[in-house]
Amino acid sequence: MRFSDIPGLSEVKTLLVDAVKSNHTAHAQLFLGAEGALNLPLALAFATYLHCENKGNDACGTCAACSKSKKFIHPDTHFVFPLSNVKGDKDEERFKADIMKSWRSFLTEQPFSNLDDWTNYYGGEDKLALISREESREIIKTLSLKPFESASKVMIIWQPELMHPSAANGILKILEEPTGQTFFILVSNAAERLLPTIISRTQMVTVPLLTDDEVKDYLITTRSIDHSRADKIAQFAEGNLNLAISLIDQAEDGNTQRFIEWMRACFTRKYGALVSLADDYHGLDKLSQRNLLSYSINMMREALLYHAKATTMNRTRGDELEFIQRFSTVMTTDKIEKSYKLINDASYHLERNGSAKMIFLDLSLNLSKTLNP
Ligand SMILES: [Zn+2]
């Protein structure tokens, strides 16, 4: 991964490159971004850049170091990432070798993905993923070694907020007195869950979400999506490239039709229809369920904007706009806000692997009550 493989973010890239050129790179950095920010790819590109033997404003991409970094096998780049239990594998050594293989192919195939994608990729159980205490021992052991090939070592810790407390304490000690040869890059999407002691020991690099135009441009040039579709996907992805990529495979307009049908059934209190819709949604894959809810949240926000006459901020067009106009006339601000919160809560429960059928049914009944007080 090089900087040029990552869309947008030119300011952050320049900042990182300039720091290396002027020898001012902090030894412990925290790449912080909202869900969907490209801070992991940026950390990978930064490691490639540090090791590159022939760097300019980006890594050269062709030197020996770069060709190893490209396959994520550079011996001086170390990765720490959360894992949950994996069913039926008791052989620890084999598991370790396999998981590194999976990690490398995951980064190669889906470099803009998130933790859920990673857990699905290696077949982790649904239990919460963690960075274990053993892992922290491994880190300390690794750091006691000199760099193999490069002038420095890079340790990328993905999702440090998921560190087991004893792992976090071990890391803290090292962050207090980092050795000259090691660069730590902590990559987090949840600042509020990080230990304050970790935040205070690292230099923060804020990684913004992409703009709609950057997402759109990526979809058109790299994924060959046509303009109007790219425009639509970018609107809903709101800077989250991973979400945008997942939307490529979604049937176009599926969610618009679904949402309209759903809201109609809620409004008219057709409970039989709501039960069968909940069944339908239950049958969707997890990604589609998630997308339906985030689509619905977006539509509520659009309705609110329309209501507040902030139409210049509206992002809907065509069918959707028509629906939003009609929808807004029967909604009050209070109803929209309550519905928004209900859908948001449902989305939270769905992420935590509640039963989709119960979540959708419960949500439908509550929405129906909210819409018909
Ligand atoms: Zn190079």
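The values are calculated or read from the model by the stated rules, or taken from the named source; none is laboratory data. Predicted model, so just to flag it, every value in this text is computed and none were measured. Heads up, the Cβs are rebuilt from the backbone with ideal geometry, glycines too, and the neighbour counts pull from every protein chain shown. Keep in mind that these areas ignore ligands, DNA and RNA; they rest on the heavy atoms of the full protein, side chains included. Shrake-Rupley method; radii C 1.70, N 1.55, O 1.52, S 1.80 Å.
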May I ask you to give the average projected area over all directions of the convex hull of the Cα atoms of the stretch 156-255, in nm² rounded to one decimal? 8.7
With the charge dipole of the chain built from beta-carbon charges (+1 for Lys and Arg, -1 for Asp and Glu) about the Cα centre, the Cα from V207, V20, V80 projecting farthest to the positive end belongs to V80
Once amide H atoms are placed 1.01 Å from N in the peptide plane, what residues at a sequence separation of 5 or more from F183, or on another chain, have their amide H within under 5 Å of its amide H? K153, V154, M155
With an 8 Å Cα cut-off and a minimum separation of 6 or more residues, compute the relative contact order for the stretch 1-144 in percent. 22
For the chain, what is the percent of antiparallel DSSP beta bridges, rounded to the nearest 5? 10
Kirkwood-type radius of the stretch 121-167, with distances r between different C-alpha atoms, in Å: 12.6
Applied in sequence order to the stretch 144-152, the curve 6.51 cos²θ - 1.76 cosθ + 1.60 (Karplus, θ = phi - 60°) yields integer Hz couplings, x standing for Gly and Pro, of 6, 8, 6, x, 7, 10, 9, 6, 8
May I ask you to derive the FRET efficiency for D91 and S166 from their Cβ-Cβ distance with R0 = 22 Å, giving the value to the nearest 0.05? 0.35
Take every Cα-Cα pair in the stretch 1-96 and report what % of them are more than 24 Å apart. 30
Residues of type aspartates and glutamates that K13 reaches as a straight line, Cα spacing below 16 Å, ignoring anything fewer than 8 places off in the same chain: D5, D58, E214
Can you tell me, using C-alpha contacts under 8 Å and at least 6 residues apart, the relative contact order of the stretch 141-260 as a whole percent? 20
For the stretch 71-77, what does the Karplus curve 6.51 cos²θ - 1.76 cosθ + 1.60, with θ = phi - 60°, yield as ³J(HN,Hα) per residue in whole Hz, taken in order and with x for Gly and Pro? 9, 6, 10, 5, x, 9, 10
Explain nothing, just the number: relative contact order of the chain, from Cα pairs under 8 Å at least 6 residues apart, as a whole percent. 18
Can you tell me the FRET efficiency between E125 and D217 if r is taken as the Cβ-Cβ distance and R0 is 45 Å, rounded to the nearest 0.05? 0.75
Under-5 Å amide H pairs with M163, H placed in peptide plane, nonlocal only: I131
How big is Rg to Rh over the stretch 233-373, alpha-carbon atoms, Rh as the Kirkwood inverse-mean-distance radius? 0.94
Taking amide H positions as placed in the peptide plane 1.01 Å from N, state which residues far from M204 in sequence (5 or more) or on other chains have amide H under 5 Å from it. L30
Ordering Y306, Y295 by the accessible surface of their heavy atoms, 1.4 Å probe, largest first, yields Y306, Y295
Which percent of Cα pairs goes in each bin when the distances of the chain are cut into 10 angstrom slices starting at zero? 5, 21, 28, 23, 15, 7, 1
